[in-house]
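Read the figures in this text as sums done on the coordinates, not as results from a lab. Note that the structure is predicted; figures quoted are calculated from it, not measured. Neighbour counts run over all protein chains shown; Cβ positions are idealised from the backbone, glycine included.
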Amino acid sequence: MPLSLRHGHSTPPTSGAAQVSATLTQGVHGDDRASVWLFWGRQDGGTNRSSWEHAQLFGLNTGFNPATFTSTLTNLTSGASCRYRFYTSNTCSEAWAPATGHLATPAPSAATEAS
C-alpha cells in the first residue's frame, strides 16, 4: 500500500492561530518510515514544495498503523485567507493530501481597531 494522507479537522482561526490535522496511512510493515510535513501560506502552492510560504516538518512516523498529526498554525494575518496542505515521503514513495485546506481568519472588530 502506498503512502496516503487525508485532511482531518481544523479549528476556526482565533487570535491569529488555528489547529489543522491530517491522517497518514503508511504501507505494510517493513516500509521505510515516512516524514510528515505541513505546508501553508496565503496562496495555494499545490504539490510544489517551493511554492509554499511556510513549511513545518513534524518528524518521522515510526508506526505502520494510520497516524493523525496535528499542528497549530500561528501568526495568521487577521482578515486574510490561509491555505495549507500536508505532505509525506519516504525512500519508496511520496504523497500530498488530495486537496488544499482553507482557513479564513476573522477581520479585527471595530472595537479592536479603535483601541
**OP:** Assuming R0 = 41 Å, can you tell me the calculated FRET efficiency for the pair Thr77 and Asp32, based on Cβ-Cβ distance, to the nearest 0.05?
**Re:** 0.65
Subject >> Residue-wise HN-Hα coupling along the range 12-26, computed from phi with Karplus coefficients 6.51, -1.76, 1.60 (Hz; x: Gly, Pro) >> reply: x, x, 9, 6, x, 9, 8, 9, 10, 9, 8, 10, 9, 10, 10
Subject >> Listed values [x] 16.4; [y] 14.9; [z] 15.5, entry calculated as Kirkwood radius over Cα pairs in Å >> reply: [y]
